[in-house]
Protein chains: 2
Amino acid sequence: MKLMILGGDGYCGWPTALHLSDAGHDVVIVDSLARRGWDIELGTSSLTPIQSLNSRIEAWREVSGQEIEAEVGDLLDWGFVADVMQRHRPEAVVHFAEQRSAPYSMIDREHAVFTQHNNVIGTLNVLFAIHEIMPECHLIKLGTMGEYGTPNIDIEEGFIEIEHNGRRDRLPFPKQPGSFYHLTKVHDSHNIDFACRTWGIRSTDLNQGIVYGTVTPQVARDPRLANRFDYDDVFGTVLNRFCVQAVIGHPLTVYGTGSQTRGMLDIRDTVRCIELAAVNPPAIGEYRVFNQFTEQFGVRQLADMVVAASGKLGIDASIDYLPNPRTEAKEHYYNAKHTALLDLGLEPHYLSDSLLDSLLNIAAEHRVRVDEQVIAPRVDWRYGAMMERDAVAVGGE
Amino acid sequence: MKLMILGGDGYCGWPTALHLSDAGHDVVIVDSLARRGWDIELGTSSLTPIQSLNSRIEAWREVSGQEIEAEVGDLLDWGFVADVMQRHRPEAVVHFAEQRSAPYSMIDREHAVFTQHNNVIGTLNVLFAIHEIMPECHLIKLGTMGEYGTPNIDIEEGFIEIEHNGRRDRLPFPKQPGSFYHLTKVHDSHNIDFACRTWGIRSTDLNQGIVYGTVTPQVARDPRLANRFDYDDVFGTVLNRFCVQAVIGHPLTVYGTGSQTRGMLDIRDTVRCIELAAVNPPAIGEYRVFNQFTEQFGVRQLADMVVAASGKLGIDASIDYLPNPRTEAKEHYYNAKHTALLDLGLEPHYLSDSLLDSLLNIAAEHRVRVDEQVIAPRVDWRYGAMMERDAVAVGGE
């Protein structure tokens, strides 16, 4: 089928584009290259060297014989969005193209406003393009498990049956997001739900957990196809960052007690979940929500696993418990459902020693590229401003 | 106390500013005058002649001896927002300053994007100004009962206690808003709740019903203090519009079966609710939600009441049932709680024959100013575009 991958140059978007292309689908990448710009702004870069979008696509053509088209432009530019939708007429649009770092959105007012404007208006433009140009096109939108927060009840997939004063209804699951970034995903969810109800378009909202890993079978086929590996305080996510810290002899930075529990998944499952959503579209007018993760972990539990895996490789890793810069519950109940994608056929890659070995080895291979200055976190939730470097630790999405 | 009224030149903002000034508070109006610009854009105007903001304020000074200050500027302009907050240092900010018409937000993509950008980012700027400049300032924010939609369970005030699989939590009430405008109020609610949780600021979110009437004791003191009276398809709300239709001999335009039920209130109660919220502030860090309406009515029921009241004045009014341009349930359960403001001392003005007489008389007094061209509605929810005039009827908020 014909698929358009918005944000197809990013950490999840690039391996998704390759996976879908390898599976025989016709893939168009749409990207503003904004993620590369944020690296420049923050003085950070991927641990793994990554090629330009054009070079990556050319390498994929050489390696696979498959063509991926690229369109460089911004979703805030309606003329651009309408034009690519008109020319390519995709059957499904996969939408990764948002600012996805919680710490970035909490740097200051400008970054909060940028994130909300960029994500909410960009998605509105995508909705209008589908409505006006390709009304049967399936919008596959990346949300986040962080939309739900940590309620004291089981988290369902998007909707919950509520009985109240003797009456019942199936209603959107209440949301308690934890950053200006996470809030944008909640805003998007409400906007998309409305567009499906009102216009009869169809969408799958994938509330994704924290992704770890960086390699997929397609990415592994050539060094020029390498995926990003973020380990910095703003865009690095927790498990990948721990592996880099272990390899360079930096204590693993756990904030608070490390009891915070989150849903997580391997990037090889991310790409497969997108495909499952695409080849099993919802009915016209349907808005459906899947929780896209495979296992729940506590932050401290992850740190312990990385320490153990490091030990087997002869690396003596340690853990530092730091004050938590985020406003979140220290101890909380967490039990989130995630059966919809399993029902569609997902076969999870559970977190294993071999995956940790692989991540530690990638970190070791590129350790000369690590900039220790960008590991110590700089953003505090309470002040909404960049802190002095070396203060406390935060962790990516 | 010192109060800043954002949107203090508008339909609810102006009588609120006068009421609070009359009650001895120190009032600053902040307004971009955007509402007057939308009249120009749409070719509409208030049924009642209204003075410029400066003339109104000058008239109030003459009549009452009270000074109201005015600051003209846009909440999207951070420099302006920070400057007025710095110079005035209000104890409470009352925030009416949003694009508040559902049909306006549904005209087309540009109007949807404008509404979401204007409302969400403007409110973000207000939140940051409070956080950075006046952290103890109480934000009194106008939401809407339309945030809830029409669930098949009782609507609580902002939060609901949910029992699920043997566990319990008090969570935000699920939201199912019915237009791109109503969605902005949902987005605002989530942003404000987060700011209170994360920064410890305090806010009252007033989910207001549909307001009717135009006169308060202060407004009535001089013709130069007259409040707006909107009757057009885009900004006119249902009861006020019915009264104008009756007076000019236009059938009352009810869409669908008229069974849609909504919470409503008299504008004299709007101004009193704001004062009650201001003089009874929440604790530091608290986000509280009040449902601000006094009675529930069906649309057909309102039309019947206007027909009956017209008959007593010798006006032979009739009703036209038109296709509903909005996407909403024809028949639905509706029972919304509204006890918090009563508990604070609100004494409601229930809808009465004398109020209907007064509205019909105001409409009759100004009937020469009525432009029949702007009564027949032009916006259809399904197409997201202006329809041919004379198609079907919508009703304000």
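Kindly indicate which of A:Arg100, A:Arg61 is touching a residue at least 40 places away in the same chain (Cβ under 8 Å), of a type in the set (Lys, Arg) and more than 10 Å from chain B (Cβ to nearest Cβ).
A:Arg100
Out of A:Thr253, A:Thr261, A:Thr216, A:Thr270, I need the residue that is hydroxyl-bearing (Ser, Thr, Tyr) and either surrounded by fewer than 21 Cβ atoms within 10 Å (Cβ to Cβ) or free of Cβ contacts under 8 Å to residues at least 12 places away in the same chain (or both). Which one?
Exactly one of A:Thr253, A:Thr261, A:Thr216, A:Thr270 is hydroxyl-bearing (Ser, Thr, Tyr) and either surrounded by fewer than 21 Cβ atoms within 10 Å (Cβ to Cβ) or free of Cβ contacts under 8 Å to residues at least 12 places away in the same chain (or both), namely A:Thr261.
Test of understanding: among B:Gly122, B:Gly149, which residue is on the phi > 0 side of the Ramachandran plot and within 11 Å of another protein chain (Cβ to nearest Cβ)?
B:Gly149
Is it the case that B:Ile133 is surrounded by 20 or more Cβ atoms within 10 Å (Cβ to Cβ), touching a residue at least 40 places away in the same chain (Cβ under 8 Å) and within 14 Å of another protein chain (Cβ to nearest Cβ)?
No.
Working only within segment A:188-215, note down all residues that are small (Gly, Ala, Ser) and either within 29 Å of A:Ile50 (Cα to Cα) or within 14 Å of chain B (Cβ to nearest Cβ) (or both).
Selection gives A:Ser189, A:Ala195, A:Gly200, A:Gly209, A:Gly213.
Sort through B:Trp14, B:Trp60, B:Trp38 and tell me the only one that's over 21 Å from B:Val211 (Cα atoms), modelled with pLDDT of 95 or more and aromatic (Phe, Trp, Tyr).
B:Trp60
Taking the condition of being within 20 Å of the chain's Cα centre (by Cα) and either surrounded by 13 or more Cβ atoms within 10 Å (Cβ to Cβ) or modelled with pLDDT under 95 (or both), how many residues in segment B:342-361 meet it?
8
Please go through segment A:370-385 and give me each residue that is loosely packed, with under 15 Cβ neighbours inside 10 Å and more than 14 Å from every other protein chain (Cβ to nearest Cβ), ordered by number.
A:Asp371, A:Glu372, A:Gln373 - these are the residues of segment A:370-385 that are loosely packed, with under 15 Cβ neighbours inside 10 Å and more than 14 Å from every other protein chain (Cβ to nearest Cβ).
I'd like to check something: does segment A:60-81 contain any residue that is within 30 Å of A:Glu372 (Cα to Cα), outside any helix (DSSP H, G or I) and polar (S, T, N, Q)?
No, the conditions are met nowhere in segment A:60-81.
What residue, among those in segment A:1-41 that are part of a strand (DSSP E or B) and touching a Ser or Thr at 6+ places or on another chain (Cβ under 8 Å), is surrounded by the most Cβ atoms within 10 Å (Cβ to Cβ)?
A:Ile5
Residue by residue through segment B:71-97, note down the ones that are among the aliphatic types (A, V, I, L, M) and over 23 Å from B:Leu206 (Cβ atoms).
B:Val72, B:Ala82
Quick check: anything in segment A:113-126 surrounded by fewer than 24 Cβ atoms within 10 Å (Cβ to Cβ), touching a residue at least 24 places away in the same chain (Cβ under 8 Å) and under 30 Å from B:Tyr333 (Cβ atoms)?
Scanning segment A:113-126, I find no residue that is surrounded by fewer than 24 Cβ atoms within 10 Å (Cβ to Cβ), touching a residue at least 24 places away in the same chain (Cβ under 8 Å) and under 30 Å from B:Tyr333 (Cβ atoms), so the answer is no.
Report whether or not A:Ile140 is outside any helix (DSSP H, G or I), among the β-branched types (Val, Ile, Thr) and more than 10 Å from chain B (Cβ to nearest Cβ).
Yes.
With under 29 Å from A:Ile160 (Cβ atoms), under 18 Å from the mean Cα position of the chain (by Cα) and within 14 Å of another protein chain (Cβ to nearest Cβ) as the only criterion, which of A:Ala336, A:Ala329 stands out?
The match here is A:Ala336.
Considering each residue of segment A:147-199, count those that are farther than 15 Å from B:Gln176 by Cβ, charged (D, E, K, R) and in contact with a Gly (Cβ under 8 Å, 6 or more places away or on another chain), and give that number.
The qualifying residues number 2.
Criterion first (facing another protein chain (nearest Cβ under 9 Å), at pLDDT 95 or above and in a helix (DSSP H, G or I)) does A:His117 satisfy it?
Against the criterion (facing another protein chain (nearest Cβ under 9 Å), at pLDDT 95 or above and in a helix (DSSP H, G or I)), A:His117 qualifies.
Is it the case that some residue within segment B:156-168 is more than 30 Å from B:Gln51 (Cβ to Cβ), part of a helix (DSSP H, G or I) and more than 8 Å from every other protein chain (Cβ to nearest Cβ)?
no
Could you tell me which of the residues B:Ile40, B:Ile50, B:Ile107 is free of Cβ contacts under 8 Å to residues at least 60 places away in the same chain and more than 20 Å from B:Gly143 (Cβ to Cβ)?
So the residue among B:Ile40, B:Ile50, B:Ile107 that is free of Cβ contacts under 8 Å to residues at least 60 places away in the same chain and more than 20 Å from B:Gly143 (Cβ to Cβ) is B:Ile40.
Can you confirm whether segment B:144-151 contains a residue that is crowded, with 23+ Cβ neighbours inside 10 Å, touching a Phe, Trp or Tyr at 6+ places or on another chain (Cβ under 7 Å) and either among the acidic types (Asp, Glu) or modelled with pLDDT of 95 or more (or both)?
Yes; the residues of segment B:144-151 include at least one that is crowded, with 23+ Cβ neighbours inside 10 Å, touching a Phe, Trp or Tyr at 6+ places or on another chain (Cβ under 7 Å) and either among the acidic types (Asp, Glu) or modelled with pLDDT of 95 or more (or both).
Pick from segment B:30-58 the residues that are over 19 Å from B:His19 (Cα atoms) and of a type in the set (S, T, N, Q): which of them is nearest to the other protein chains (Cβ to nearest Cβ)?
Going through the qualifying residues, I end up with B:Ser32.
Tell me whether segment A:171-187 contains one or more residues that are out of contact with any Phe, Trp or Tyr (no Cβ under 7 Å at 6 or more places or on another chain), of a type in the set (A, V, I, L, M, F, W, C), within 11 Å of another protein chain (Cβ to nearest Cβ) and without any contact (Cβ under 8 Å) to a residue 12 or more places away in the chain.
no
On the basis of being over 30 Å from A:Ile29 (Cβ atoms), charged (D, E, K, R) and under 23 Å from the mean Cα position of the chain (by Cα), does A:Glu156 make the cut?
Yes.
The values are calculated or read from the model by the stated rules, or taken from the named source; none is laboratory data. Predicted model only: the values in this text are computed from it and were never measured. Neighbour counts run over all protein chains shown; Cβ positions are idealised from the backbone, glycine included.
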